[in-house]
Each structure stands twice: as structure tokens, then as C-alpha cells.
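J.: Pasting a structure here, questions to come.
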């Protein structure tokens, strides 16, 4: 070993990379596991309905289920495109939704929540 | 009432059968009447590791199907009092395991035994699901390596959702980590995940750390559970793990590199 190697920064240990990669992939997998089975399907079908009317980006949709003691809420967040894009989309689609707000907001989001009292579903 | 333990991992080749053989032997050595069941239908191997492969006449599946009585299929260990092996079928497939059938056999065993240890097959298919379904305790066998850790996390999820205890809303299956094939020297070089890293990721209590050891292969070569090799680090580590399982407070050994003398360092010998 050359004496110069002594002063060189050691390469990042592979075990550290292993830990970081595991933490990232498992955080993702655990989040997916904690939801009920129907969430991915629900998300797809909701998207299909909304996409009939609005041009939306599939990656900008979030479906979340929060379970409380005797009440669960289903939250759907869909980010709509900026107004210019929306216009283009409504021209292309006959039954386009007309957003009520005309401000030139770059982003818009539709939030909805459905409460189902006493809903119990084991995951 | 007997306690049902499942030795599981998700991933194959991490040491479930080696650990099952060692653990069952350890429990029997401490005076508990113990049976170890092979759930790996079609890929029977526990009999070889336990050294009773030539004594198998009837198996677990025969008992489930009513083709043999439980006492005809149980093999009594020749070395250890209180230790029995229930081998599985080498010719059938995993569909032969029905929940009702497994339950019937476990109920019958629980009248006689203190501990029933279920050696799970790899994967999360029927065999693995059946082996964990009735468990009270789960021992998660994990290697300090990315795919094994991820699969262990997956199997923890399965335990929490698809075991009998989870389905019936009972007290959850207790879960403990058995970290096997641990090499403290590689850990020190930064080439292997540390015990603490794996514990942080899986977030379950540590039952034991079994060091990488040549004794494990030597033991399986001759059909002897490695815990009986009291001169080996792996054997001692399994013995400690059994003690901890039974509630004893035992320090973890073999988690740091063993100091080498000048002589072995000169010879560059590795343990």
C-alpha cells in the first residue's frame, strides 16, 4: 500500500449503502402493505373516471386511508394541471370539466373525503 | 398446553433448518419435550440435518391424510431424550397441507409436547403460511444481507396479518430475530450490515447472533444438530439463544472480532 493511500478518504463502506437502500425500499413497501387490498384498484378506477373529463397526470394522485377508532376517512387528492394545459385538454375532450376558479393558479387540487363510520376492514 | 414456535425467514438458504434442528435440540436438552416438524413438503431436509433420514417410514402428510397414526410417523431422536422429529413427505406437494389437517396434528401433538417447532419452507406460499398460521412465537432467521433482511420484513408483515392470532384478533405472535452467518470481521471492515443496523430496520427484539462457522457444514455432513458441537462458536451461540428464548439473561457473544494472537496473525489463519 502506498503511503499516499493513507491520506485518501476511504470509500463509503458498502454496508452503509446496504442499510440506506434497505431503509428506502422498505419504507415504500411498508406503506403499500398497510393499506387495504382495494386501494390500488380504487385509485385506478377513480383515475379512469376523472381522466374522462380532465387531463390529469397519473403520478399526481394520492389516495390515503386513515383509520381511527370508529371512523375511517378516505382522502383523494388529485392535482389538476395548470390552466393552459387544462384548456388544451378541454378542447380535446368534449365533456371537459370547467373549473370555477379563473385565477392563473399553476396548480390546483381537488380534495375529497368520504367518512365511513364504523368501517372495519382488516388489512 | 404446548407452545408453537415457527422458524421462518421468507428467503431460502439462510439457515432455517439448521436453526430448527439446533433450537429443538437445545429445548430438549433443557428438559422440555420437543417435536420439530418439517413443513417443506417435497423438499424434505430436516431428517438429514437431524441424522434420522434412514428411519423415516411414515410422514406428516400420511398423518394428515389418515394413512398413518401420529406415533408411527414420529421419530424419537437417538441422542437426546425428549426430542422427536416429524418428517415431511418427499413425494407430495404443498397442497397436501390443509389447514384442518395441520390443526388436527398440532392439537394432537400439543397434548404430549411442551414445544412444537415448525420448520418453515422458504417463500410465502402455502407451506410457509401453514407453518406460521398456528404459531405463538416466531423466530425470524435473517442473514446480514439486503435480500434476506427485506424478505424477513415481508414475512413479519405476513405474521401480523395472516396468522391465526392476527385473524382472530388475539395477542400477536411474538417475534424475535435470529441473525445467522454473522461475520464480525467483515462487519468491522464495513462490508456487512451490523447487528444494530438489522435491528433498526426490522425493529424486533434480538434472540441471538450466530457467527459464520465451519462447524455448521461439518455438523450437517454427519447429521448432527450443530448445538451439540460444544467446541464451536455456532453451537454455543445457539445454546445461548435457547436460554434467552426461555427468559434467561445472557450476553451476546461472537459479535466482535476475536482477538488473534501473534502466532495466528503471522500465519494469517482465520478461525
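J.: Kindly establish whether residue B:87 is more than 14 Å from chain A (Cβ to nearest Cβ) and buried (at least 22 other Cβ atoms within 10 Å of the Cβ).
T.: Details: more than 14 Å from chain A (Cβ to nearest Cβ): yes; buried (at least 22 other Cβ atoms within 10 Å of the Cβ): yes.
In short, yes.
J.: When you go through B:109, B:177 one by one, which is the residue that is closer than 30 Å to residue B:254 by Cβ and away from every other protein chain (no Cβ under 14 Å)?
T.: Numbers: B:109 fails: closer than 30 Å to residue B:254 by Cβ.
Answer to the selection: B:177.
J.: Also: Which members of the stretch B:195-243 meet the condition of being assigned to a helix (DSSP H, G or I) and more than 14 Å from residue B:22 (Cα to Cα)? Before you say what the answer is, go through the steps one by one.
T.: Step one: filter the stretch B:195-243 for residues assigned to a helix (DSSP H, G or I), giving B:195-202, B:214-221, B:226-228, B:233-243.
B:195, B:196, B:197, B:198, B:199, B:200, B:201, B:202, B:214, B:221, listed by residue number.
J.: Restricting attention to the stretch B:160-172, does a residue exist that is touching a strand residue (DSSP E or B) at 6+ places or on another chain (Cβ under 9 Å) and crowded, with 23+ Cβ neighbours inside 10 Å? If you could, list the steps in order and put the result at the bottom.
T.: To start, the set of residues in the stretch B:160-172 that are touching a strand residue (DSSP E or B) at 6+ places or on another chain (Cβ under 9 Å) comprises B:160, B:163.
Add one more test, that the residue is crowded, with 23+ Cβ neighbours inside 10 Å, and what stays is none.
No, the stretch B:160-172 contains no residue that is touching a strand residue (DSSP E or B) at 6+ places or on another chain (Cβ under 9 Å) and crowded, with 23+ Cβ neighbours inside 10 Å.
J.: How many of the residues in the stretch B:146-170 are within 8 Å of chain A (Cβ to nearest Cβ) and outside any helix (DSSP H, G or I)?
T.: 0
J.: Which ones in the stretch B:133-145 are within 12 Å of chain A (Cβ to nearest Cβ) and under 25 Å from residue B:243 (Cβ atoms)?
T.: B:142, B:143, B:144
J.: Has the stretch B:220-243 got at least one residue that is surrounded by 14 or more Cβ atoms within 10 Å (Cβ to Cβ), within 30 Å of residue A:24 (Cα to Cα) and either modelled with pLDDT under 95 or in contact with a helix residue (DSSP H, G or I) (Cβ under 9 Å, 6 or more places away or on another chain) (or both)? Quick ask: steps written out before the conclusion?
T.: Our first condition is that a residue be surrounded by 14 or more Cβ atoms within 10 Å (Cβ to Cβ); within the stretch B:220-243, this holds for B:220, B:223-229, B:232-243.
The next check asks that each one be within 30 Å of residue A:24 (Cα to Cα); those that pass are none.
No.
J.: Here are some conditions: (1) away from chain A (no Cβ under 14 Å); (2) in contact with a helix residue (DSSP H, G or I) (Cβ under 6 Å, 6 or more places away or on another chain); (3) without any contact (Cβ under 8 Å) to a residue 40 or more places away in the chain. Residue B:207 meets all but one. Which one does it not meet?
T.: Going through the list (1) away from chain A (no Cβ under 14 Å); (2) in contact with a helix residue (DSSP H, G or I) (Cβ under 6 Å, 6 or more places away or on another chain); (3) without any contact (Cβ under 8 Å) to a residue 40 or more places away in the chain, residue B:207 breaks only (3).
J.: Looking at (1) within 17 Å of the chain's Cα centre (by Cα); (2) over 19 Å from residue B:20 (Cα atoms), can you tell me which one residue B:108 breaks?
T.: Residue B:108 satisfies all of (1) within 17 Å of the chain's Cα centre (by Cα); (2) over 19 Å from residue B:20 (Cα atoms) except (1).
J.: Then there's this: What residue, among those in the stretch B:180-202 that are out of contact with any strand residue (DSSP E or B) (no Cβ under 9 Å at 6 or more places or on another chain) and without any contact (Cβ under 8 Å) to a residue 24 or more places away in the chain, is nearest to the other protein chains (Cβ to nearest Cβ)?
T.: B:190
The values are calculated or read from the model by the stated rules, or taken from the named source; none is laboratory data. Fair warning: this is a prediction, and the values are worked out from it, not measured in the lab. In this analysis, Cβ positions are derived from the backbone assuming ideal geometry, glycine residues included, and neighbour counts consider all displayed protein chains.
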